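The values are calculated or read from the model by the stated rules, or taken from the named source; none is laboratory data. Source: prediction; values computed, not measured. Cβ placement follows ideal geometry from the backbone for every residue including glycine, while neighbour counts extend to all protein chains displayed.
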Amino acid sequence: MELRARRIKSLHRALSARAHETLGKTVGIDTPKEVVKWEGLVPQSEDLAVFEFRTLDQQTITDVAQREWGQKCLVVPVAQHPQGDDRLWAAWYEEWKALGRSRFRLRAASWTFFLGPMAANARPVLRADWDDPGAEDAGQPHWHVHHVPPPDQRIGGSAAEGGDGAGTLSARLGGLHLSMCVGLDSDSLPGCIQPPLNQQQFLRWFSTTLWHVRMEVTRRLFGT
């Protein structure tokens, strides 16, 4: 997907609106504070225009977590276990390569989902990626599983007496249904198609992936 800088800004406003529809939380998408004038990047530069969540108002709870490769990122709470402190957190990431004349090509976009009571100690468990086919030799979009918990780690507070281990985190993670439907013509399921990618598909993938993981974790991992 190739867009001019002004269209990327418009796309980010639309993504923020989709996140608000799903979560009821107000977040923006922007470059890190230390990055300025990304619009001026040139094709010869090795730098990429990187975008993540940012806080837009003080009523939206956000926190900082650590990605699987050690980078810190802003996360928002997506769901909480009704009988314990466990929470699902989400982080968003994009990187764009400058093509010249204020045009950019999307190289990668991803959702990372973390699990833990506090974001600082939460572990990344799932990542949904959509990469430029020229940058990554893989089916697009695709899933990564980052953290397989110990067999006896439980979720939702204290362990229930007896049972067959169905309350453990690893057993619950194994019960998630991560959808892969052919084509992005559905407003309720994230898709699995090959590029080229357009803005409408990207918007739909962004929102339906968030909705889908939230629904699956709430229903199958948190048991609500």
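When R54, R6, R105 are screened for being over 18 Å from W130 (Cα atoms), more than 15 Å from the chain's Cα centre (by Cα) and among the basic types (K, R), only R6 passes. Count, please, the residues in segment 1-27 that happen to be in contact (Cβ under 8 Å) with a residue 12 or more places away in the chain and closer than 17 Å to T209 by Cβ. So the count comes out to 13.
Restricted to segment 97-137, and to residues there that are surrounded by 17 or more Cβ atoms within 10 Å (Cβ to Cβ) and assigned to a loop (DSSP other than H, G, I, E, B), the residue that is modelled with the lowest pLDDT is D132. Checking each residue in segment 73-90 for being of a type outside the set (S, T, N, Q), modelled with pLDDT under 85 and part of a strand (DSSP E or B) picks out C73, A79, R87. The set of residues from segment 46-65 being assigned to a loop (DSSP other than H, G, I, E, B), surrounded by 11 or more Cβ atoms within 10 Å (Cβ to Cβ) and either touching a His at 6+ places or on another chain (Cβ under 6 Å) or at pLDDT 80 or above (or both) comprises D47, L48. Taken as a whole, the condition of being crowded, with 22+ Cβ neighbours inside 10 Å, assigned to a strand (DSSP E or B) and in contact (Cβ under 8 Å) with a residue 40 or more places away in the chain applies to E94. The condition of being modelled with pLDDT under 80 and surrounded by fewer than 19 Cβ atoms within 10 Å (Cβ to Cβ) does not hold for P141.
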